[in-house]
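Undergrad: Okay, handing you the structure first.
The values are calculated or read from the model by the stated rules, or taken from the named source; none is laboratory data. Everything numeric here is computed off the predicted structure, so don't read it as measured data. Backbone-built Cβ (ideal geometry, glycine too); neighbour counts: all protein chains shown.
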Amino acid sequence: MTAPAATAAQTASALARARRRSSVARFWRSYRTHRAGLFGLCALAVIALVALAAPLLAGSDVQSVTNAPGAALESPSAEFPLGTDQFGRSLLGLLVWGARISLTVGLMAAALSVAIGTLVGIVAGHFGGWFSTLIMRITDWFLVMPTLVLAIVLATVMSRSVWTVILAIGVTTWPTTARLVRAQTLAVESRPYIERATALGGGHGHIMTRHVLPNVMPLVLAQTTLGISYAILTEATLAFLGLGDPDVVSWGGMLQDAREAGAVSSGHWWYLAPPGIAIALVALAFTLCGRAVESVLNPKLGVSNR
Amino acid sequence: MDTTTVPRNARPSSRVRTLLAVGAVGATALALAAAAATPLNPAPRQVKAATAAADGKRTLTVAVSQSVDSLSPFLAQRLVSTTVHRLIYENLTNYDTKDNHAIPGLATKWEPSPDKLTWTYTIRENSRWSDGKQATAEDAAWTFNTMMKDEGAATANGSFVANFKKVTAPTPTRLVIELKKPQATMAALDVPILPRHEWEKVGDFSKFNNDKKFPVVGNGPFVLTDYKVDQYVKFRPNQKFWRGAPKFDELVLKYYKDGDAAVAALRKGEVSFAANLTPAQAASLAASRNIKVNDAPGRRFYALATNPGARSKDGKKFGDGHPALLNPKVRQALFAATDRRTIVDKVFQGHAVEGEGYIPPRFSAYHWKPTAGQKIAYDPEKAAALLDEAGYKKNSAGKRVGKDGRPLDFRILCHAIDPNDKAVGKYLQEWWGDLGIGLKVDCRDNVSDPWLAGEYDLAFDGWSVNPDPDFVLSIHTCAALPSTPKDTGATDNFICDKKFDELYAKQTTEYDAAKRAGLVKQMQSRLYDTGYMNVMAYPNALEAYRTDQIKAITTMPESGGNIWGQDGYWSWWSAVPADGGDTSGESGSSTGLVIGIGAAVVLAAALGAFVAMRRRSTAEDRE
Amino acid sequence: MSTASTAPLAEGTADGPVPVKTGPSGPRARSARAYLLYVAGKLGGAAVSLFAVLVTSFFLFRIIPGDPVRTMTHGRQVSAEQLASLRHQFGLDLPVWQQFTGYCVKALSGDLGISYQFHAPVGELIAQKLPATLLLTGVAVVIYSVLGLWLGTRSAWHRGRLGDKVNTGVALTLWSVPSFWLGLLLIITFSVGIGPIPGMFPTGGMESGGATGFAYVADVAHHMALPVVTLVAVGYAQTLLVMRASLLDEMGSDYLTTARAKGLRDDLVRRHHAVPNALLPTVTMVFINLGHVAAGSILVETVFSWPGLGGLFYQALSVPDLPLVQGLFVVFAGAMILMNLLADLLYPLLDPRVGR
């Protein structure tokens, strides 16, 4: 308030903030009309809460084998609502703890994938020329690689850990995002105000981070949400194939344990069903959210019920 | 998704539809071609099999879970393949079902020369190859000579001939083997003898898999008639087998990648026998009608191996084993903090025997138990005391740290495909964690690399023990170490102990069975005291068969023994079909047929409906 | 996981047909010559991709730590000379670039090396298992494409109504289900049998053996039923959603209004004008799916003991049998390239806007 310049700057930033707030509000109003999206969001909130409160809900020694409370492979009872595993641990407790790993891996792997994709896409779109061609050639190359096969190979090569799984998923799934972001970048950069910004002396970094990035963010958001469900399914797959971290409990790992214990042929369906349902539920929730986000941002797709 | 604004042609439909139809037809044709190409083997044999089934042919179907690595005895190393070879070829000797002593096989008797360097085998005259030719000493000599000369032929069983100097067949019934130095295992040469007249034509033994020409010429109790990779191996009984023909009309080893599938198939009567059950499967099968679960003492030991400091014969040390493990007290402490009882009860659900000596109790002649004073019992307090003595005291954070400041953090190599490794790893983490020792369970598909490089601290280890213990003992001698760090040795765990080696050398040349057994027990005692190999358990063989298909079957040992993976062909050779025979397979296949037809009809209907839908639209267009 | 898709499920964005996505680079010319040029370009691109796959498969598996020859000889006494001769036999003693050129030349002539565990040429092993995979995935893709097209069309017609919601809801739910889990559940329910449900289907494998002619076909169909159901259930959502979206897109177009104005009946307009146009992206996607499916069947083949490439891959990986893993990787990636190429080549033929 001391100098007019400062006032002007503050007003500008206040304006920007207000504009952002109103666009978020608009987004939410529109999102609210998608009932499936709301359902997904609620489901996610509940699951995230369960994952965060795992130590309170299930106790922290659920994973201990030496202090396992039950006998091996008990069927559901009042004490163990979902029965026990082959070590006599409560399956409900393990399921609750498993939510943490599945969500963590899903979120981080999708974030990694989208981060790589966005970076590659913006850089390729911004610079153009032979550089862009080269980068997009590499992207195409990754695009034809069988993703799951590549992820399995990577997970086999590296030591068994949660990070390996995140990395294996992240580095194999980015090309789709890269292509989309590049297209969007090209569209954004053809607008007149980018030209103006360049004329005013904005460098490459400035244009990419201040103008292009905010404009591709909605797309990136949609991609991330959809990517998470894929990442969660892939994590389960890798764990099921025995490529997960043996020290942590994850849903895919539980399914592998169930299979190794012979639960399928012994008819212990209660060991098998819950982890799969949990995986499907989370994947579905993220997909529903992603579709809702997408249709808010791009109503032409006709996902909405209108 | 389509951002172009080119005006759309209003009449592309017929072309699109045609192309789509072409695509669909193409895909279907592809699928059908694939179906047609799948029965790679000629049909006539199958016709014969089908008609025979109508005559009430009794088939013994065995579920197997391993892929056959090769049908050539020169290359085959997996249990399923060596089992096949046991069935179709004869070894010189066989093992008695009661106490594993050597009994006649292709050879009727065998004698050493006084200096024990020349062995003479008398070959039986009543063994014929399935093509009618006589099996002779000439065939045996050729088999051994080929393994001695050709590296490719030595892939699987080269170790048996390593000490051979010369093998000859002076007459068709006399085989003479000359040795470089005496060895006690001459009645335990587990090498299938091959028909020379068939195998001479083979060019490169390292690439010949013996799986192109059927039936395979052999002289065992069964004749291999058909093999389809990862699907089945089929046999017919050898009616002229000198010990008597098997009683079933057909033997099939059917491949199930998945244990659950095999168990379900057993339950439905698709197979007569399944092995390698999990405790849960055994429990649920035991409750089923017409199924007998066989819980037999196993031939494996399941041990905790510690890296004694990997080294090669030239004295070079390599690898990165934790130095604390060189201290015998630390090794003892680790074992004292391992509750073998719980492992047997929880991990194996009681289907195992608590580990003591190196050789499982099943081989009673060689089994050894530690004396009361020698035994390292489960005692966490004593373990803590031992660690304190060894200078590894707990620090403020509850972790044990050596004088050099290095904490006791170990890695244990675990086989990713073995659920038991992972399960025991979980328990060890907690037991040892209470003592202040960190443990990282390093599960890998391929443990060979770090293992051979000595890059491990501890490892889950296990071997199937043969009736003759020579091999499992030899892998702990200094002679088995690799020559240089770059070589591969036969050593299991880089153990090199002078006292153990002395005893090993003595037992090799000891021809008196009782004395040799005494030496073998002394060796186990020594191994126990060093603490490099701590046997945790002897897992049982858990298997099950259908009593409505198999009336009787010989186990090994005869009382309370196992069925799959015997030393010899006893189980399948002896199996007696149940009265009424194998009918379930028939009904199964007819319902299968009905459902199969149903599935085909549904598929056709779906396609038809789609086509009809398209057609109808054309009709409407015309009106 | 959806075995058919390896990218996030999103109509219109991810995994859409490549030619549509590349949009501007698509052919605009109307002559056959232009099409030939376009074909040549695509063929060139495919060749480059194939080369890239060879490079990747070669170097990717070189980063696996350890020495394959020592792994092969684990547990045997082998001298340094023998190891050297083995290395020589597998060409592992040459400098890396020489190994690489040798590998490329051999791979292009169809020689993929000798499997460590089966002592047989990799090409032969793959050829042995290929028909089974083609059969399973071919049938599954045909069924789920047809099913997806049909349900997608219906969904778009009845947009917003209960039928549409149930349709998409079920498809999305099934898409979210891990295929291996669904497979296990189907086995436990229909092969092992729960309660009153008898075990009706075989638990695994491809044939019982011994049948011929029609009985053989029926036997294989019987074995194939559950794996196909699994693949279809998790796979058809994608076709459905793409078809639905592109049909909705078409239904908003001007020419439809024109057609309606001409007095054509509503459903006729849809069937004859909207559906064929909307089929384009979906059909191209079916081709791309075909490429994905071979690799994606790893899980289903493992669960159902199907004697195909997926099972072989898993087996090879656990040894690891490097030549076999490498060979399968090339085959899987090659299938993707081939199907992408087919989709690229077919697209201009199908697309009315770039036709004559």
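Undergrad: Could we say that B:LYS268 is touching a strand residue (DSSP E or B) at 6+ places or on another chain (Cβ under 9 Å) and within 9 Å of another protein chain (Cβ to nearest Cβ) here?
TA: No.
Undergrad: Given region B:418-520, what helices (runs of 4 or more DSSP H) lie entirely inside it while holding 1 or more residues that are free of Cβ contacts under 8 Å to residues at least 12 places away in the same chain, more than 13 Å from chain C (Cβ to nearest Cβ) and surrounded by fewer than 21 Cβ atoms within 10 Å (Cβ to Cβ)?
TA: B:419-435, B:498-509
Undergrad: Among the residues of region B:355-369, are any more than 19 Å from B:GLY433 (Cα to Cα), in contact with a His (Cβ under 6 Å, 6 or more places away or on another chain) and hydrophobic (A, V, I, L, M, F, W, C)?
TA: yes
Undergrad: What single numbered condition from (1) closer than 30 Å to C:VAL228 by Cα; (2) facing chain A (nearest Cβ under 10 Å) fails to hold for C:THR284?
TA: It fails just one condition, (2).
Undergrad: Kindly establish whether B:ASN395 is of a type in the set (S, T, N, Q) and facing chain A (nearest Cβ under 10 Å).
TA: No.
Undergrad: Are any of the residues in region C:124-133 of a type in the set (Val, Ile, Thr), surrounded by 24 or more Cβ atoms within 10 Å (Cβ to Cβ) and farther than 29 Å from C:ARG270 by Cβ?
TA: The answer is yes, given that some residue of region C:124-133 is of a type in the set (Val, Ile, Thr), surrounded by 24 or more Cβ atoms within 10 Å (Cβ to Cβ) and farther than 29 Å from C:ARG270 by Cβ.
Undergrad: Restricting to region B:293-302, name every residue that is surrounded by 22 or more Cβ atoms within 10 Å (Cβ to Cβ) and either closer than 16 Å to B:HIS476 by Cα or more than 16 Å from the chain's Cα centre (by Cα) (or both).
TA: B:PHE301, B:TYR302
Undergrad: Then there is this: Of the residues B:ALA37, B:ALA63, B:ALA76, B:ALA102, which single one is hydrophobic (A, V, I, L, M, F, W, C) and at pLDDT below 50?
TA: B:ALA37
Undergrad: Condition first: more than 10 Å from chain B (Cβ to nearest Cβ) and either outside any helix (DSSP H, G or I) or surrounded by 24 or more Cβ atoms within 10 Å (Cβ to Cβ) (or both). Can you find one or more residues in region A:258-273 that meet it?
TA: The answer is no, given that none of the residues of region A:258-273 is more than 10 Å from chain B (Cβ to nearest Cβ) and either outside any helix (DSSP H, G or I) or surrounded by 24 or more Cβ atoms within 10 Å (Cβ to Cβ) (or both).
Undergrad: Please determine whether any residue of region C:178-189 is touching a Ser or Thr at 6+ places or on another chain (Cβ under 9 Å), facing another protein chain (nearest Cβ under 7 Å), surrounded by 24 or more Cβ atoms within 10 Å (Cβ to Cβ) and modelled with pLDDT under 90.
TA: There is at least one residue in region C:178-189 that is touching a Ser or Thr at 6+ places or on another chain (Cβ under 9 Å), facing another protein chain (nearest Cβ under 7 Å), surrounded by 24 or more Cβ atoms within 10 Å (Cβ to Cβ) and modelled with pLDDT under 90.
Undergrad: Can you tell me which residue is modelled with the lowest pLDDT among those in region B:547-599 that are of a type in the set (Asp, Glu) and farther than 28 Å from B:LEU92 by Cβ?
TA: My answer is B:GLU586.
Undergrad: I've got another one for you. I'd like to know if region B:376-385 contains one or more residues that are without any contact (Cβ under 8 Å) to a residue 12 or more places away in the chain, surrounded by fewer than 23 Cβ atoms within 10 Å (Cβ to Cβ), under 27 Å from B:VAL401 (Cα atoms) and in the same structural domain as B:GLY454 (by TED's automatic domain parsing).
TA: yes
Undergrad: Right, another one. Scan the helices (runs of 4 or more DSSP H) fully inside region C:248-309 and keep the ones with 2 or more residues being crowded, with 24+ Cβ neighbours inside 10 Å.
TA: Result: C:275-303.
Undergrad: Name the residues in region C:115-156 that are over 20 Å from the mean Cα position of the chain (by Cα) and either within 7 Å of another protein chain (Cβ to nearest Cβ) or under 21 Å from C:VAL234 (Cβ atoms) (or both), would you?
TA: Within region C:115-156, C:GLN117, C:PHE118, C:HIS119, C:ALA120, C:TRP150, C:LEU151, C:GLY152, C:THR153, C:ARG154, C:SER155 qualify.
Undergrad: If the Cβ limit is 6 Å and pairs must be 6+ apart or interchain, which residue in region A:145-157 that is more than 8 Å from chain C (Cβ to nearest Cβ) pairs with which residue that is among the hydroxyl-bearing types (Ser, Thr, Tyr) and in a helix (DSSP H, G or I)?
TA: That search, which allows pairs on different chains as well, returns A:ALA155/A:THR164.
Undergrad: Quick check on my filter: what residues within region B:154-189 are in contact with a strand residue (DSSP E or B) (Cβ under 7 Å, 6 or more places away or on another chain) and either in a helix (DSSP H, G or I) or among the polar types (S, T, N, Q) (or both)?
TA: Across region B:154-189, the qualifying residues are B:ASN163, B:THR168, B:THR173.
Undergrad: Take the residues in region B:555-570 that are over 27 Å from A:SER265 (Cα atoms) and of a type in the set (Ser, Thr, Tyr), then tell me which one is nearest to the chain's Cα centre (by Cα).
TA: B:TYR569
Undergrad: Moving to a separate point now. Answer yes or no as to whether B:ASP388 is in a helix (DSSP H, G or I), of a type outside the set (Gly, Ala, Ser) and either loosely packed, with under 15 Cβ neighbours inside 10 Å or not assigned by TED's automatic domain parsing to the domain that holds B:GLY319 (or both).
TA: yes
Undergrad: Identify all residues within region A:31-64 that are polar (S, T, N, Q), over 19 Å from A:THR104 (Cβ atoms) and in contact with a helix residue (DSSP H, G or I) (Cβ under 7 Å, 6 or more places away or on another chain); write none if there are none.
TA: A:SER64
Undergrad: If you scan region B:414-463, which residues turn out to be hydrophobic (A, V, I, L, M, F, W, C) and over 19 Å from B:ALA333 (Cα atoms)?
TA: Across region B:414-463, the qualifying residues are B:CYS414, B:ALA416, B:ILE417, B:ALA423, B:CYS443, B:VAL447, B:TRP451, B:LEU452, B:ALA453, B:TRP463.
Undergrad: Let me ask you something else. Check off (1) at the interface with chain A (Cβ under 10 Å from one of its Cβ atoms); (2) in a helix (DSSP H, G or I); (3) within 30 Å of C:PRO68 (Cα to Cα) for C:PRO323 and give me the number that stays unchecked.
TA: Tallying (1) at the interface with chain A (Cβ under 10 Å from one of its Cβ atoms); (2) in a helix (DSSP H, G or I); (3) within 30 Å of C:PRO68 (Cα to Cα), C:PRO323 fails exactly one: (1).
Undergrad: Looking at (1) modelled with pLDDT of 85 or more; (2) surrounded by 11 or more Cβ atoms within 10 Å (Cβ to Cβ); (3) more than 22 Å from A:PRO218 (Cβ to Cβ), find the lone condition where A:LEU56 falls short.
TA: Going through (1) modelled with pLDDT of 85 or more; (2) surrounded by 11 or more Cβ atoms within 10 Å (Cβ to Cβ); (3) more than 22 Å from A:PRO218 (Cβ to Cβ) one by one, A:LEU56 breaks only (2).
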